[in-house]
């Protein structure tokens, strides 16, 4: 008689997932400070999730947490990339982070992933199940070389030839997304547009079990009116101490000797502060120095705004789809004088609850009055609508010598109403009227 005893876990049974804590949020909001505080209390180790902080040195311009403030807590994937001319990417991060998390778990410690490169963090914590099921192969040497060395325009043209639909989803200058889409096409042998369509259908049919770990995510947030002055002050402090300009000088000595000159929107060269101060390093003019300061402040604030938009439009949507395996908690860091009361203390208590295996009550996940912040802004995200994957080129507005391009009809309508477009159109009409007047007089 055949045995009725189970020889392994039932296909419907799911093994318990390991715990992981993540800290996300804008630049300059206090993510690193909170991660260290949590690691000290919870027997944890920090894993860096900021793409710029992967590179060795350049501690000021990349905003690495000062060594004395790390309190001897191990920081993994921090400053481990020695070749600044190389481009560190998502696949490498996912491989390295997975090994480190496994090692931390083996030593019965708590992994704490922290950083502002939310694309990295989200891709690592929440897997793309449809891509994973396609059993991707490794890139060939020729493919890898093309992705690393081609111009963004060549990358867009190549993707358009392989998968025209997915190429229309992204801006022709969005190198990161273009590269990733082409990489998916090559390594899976399928069009990325079809993979995304399958993934969407899969998500509609069932709850997707795509979280790598049982994850608690702290979103450290600040009101812009409180955060922006702090970001401005940070730039002033970097310049005043002299470290920032020294590091830009150090970077420029390598950059200006590379042939061809690398794209400043790739690799370490995209770090905020380098391209803003490069003109000053070359010219030595005081006006270029002052312009660099103001440009860096604007770029930093713009980046912070983009980070919040990503969290609301991408992370919160993905976390909701992942179900109970992922819990996001908003912490209000607007008033630094109340840091302990509103950030560190509640985060520590919630983390202890999480690690004990208990579910975090919804009343603890968001401060009173900020409930709207944690509502996924899915209705504003048109990236999942293939019917809206269209490029609109403006015939009168230029972007670095090329026609200004919008992706999607809604953004196109916004551009047509924008002050930039209206001012350009006004100038053209005034110029045409002048030419007609001049011709009439001749």
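Does segment 320-329 contain at least one residue that is assigned by TED's automatic domain parsing to the domain that holds residue 32 and either part of a loop (DSSP other than H, G, I, E, B) or more than 30 Å from residue 127 (Cβ to Cβ) (or both)?
No.
Quick test of your reading of the structure: residue 258 fulfils all but one of (1) surrounded by fewer than 16 Cβ atoms within 10 Å (Cβ to Cβ); (2) touching a helix residue (DSSP H, G or I) at 6+ places or on another chain (Cβ under 8 Å); (3) not in a helix (DSSP H, G or I). Name the failing condition by number.
Result: residue 258 fails condition (2) only.
Could you check, for segment 203-225, whether at least one of its residues is surrounded by fewer than 18 Cβ atoms within 10 Å (Cβ to Cβ), in the same structural domain as residue 92 (by TED's automatic domain parsing), at pLDDT 85 or above and part of a helix (DSSP H, G or I)?
yes
For the list (1) within 29 Å of residue 248 (Cα to Cα); (2) surrounded by fewer than 19 Cβ atoms within 10 Å (Cβ to Cβ); (3) at pLDDT 95 or above, I need the number of the one condition that residue 335 fails.
Just one mismatch for residue 335, condition (1).
Let me spell it out: the conditions are (1) at pLDDT below 90; (2) surrounded by 11 or more Cβ atoms within 10 Å (Cβ to Cβ), and residue 441 meets all of them except one. Which number is the exception?
It fails just one condition, (2).
Among the residues of segment 111-122, are any over 26 Å from residue 306 (Cα atoms), in the same structural domain as residue 357 (by TED's automatic domain parsing) and either modelled with pLDDT of 95 or more or in contact with a strand residue (DSSP E or B) (Cβ under 9 Å, 6 or more places away or on another chain) (or both)?
yes
Identify the residue in segment 123-145 that is under 23 Å from the mean Cα position of the chain (by Cα) and at pLDDT below 90 and, among all such residues, is nearest to residue 64 (Cα to Cα).
Among residues in segment 123-145 that are under 23 Å from the mean Cα position of the chain (by Cα) and at pLDDT below 90, the one nearest to residue 64 (Cα to Cα) is 127.
Would you mind telling me which numbered condition in (1) at pLDDT below 95; (2) not in a helix (DSSP H, G or I) residue 94 fails?
(2)
May I ask you to say which residue of 367, 346, 376 is in a loop (DSSP other than H, G, I, E, B), assigned by TED's automatic domain parsing to the domain that holds residue 229 and closer than 21 Å to residue 34 by Cα?
One residue alone meets the criteria, 367.
Output yes when any residue across segment 298-306 is closer than 18 Å to residue 114 by Cα, surrounded by 17 or more Cβ atoms within 10 Å (Cβ to Cβ) and touching a residue at least 24 places away in the same chain (Cβ under 8 Å), and no when none is.
Yes - at least one qualifying residue is present in segment 298-306.
The values are calculated or read from the model by the stated rules, or taken from the named source; none is laboratory data. Every value quoted in this text rests on a predicted model; they were computed, and no experiment measured them. Backbone-built Cβ (ideal geometry, glycine too); neighbour counts: all protein chains shown.
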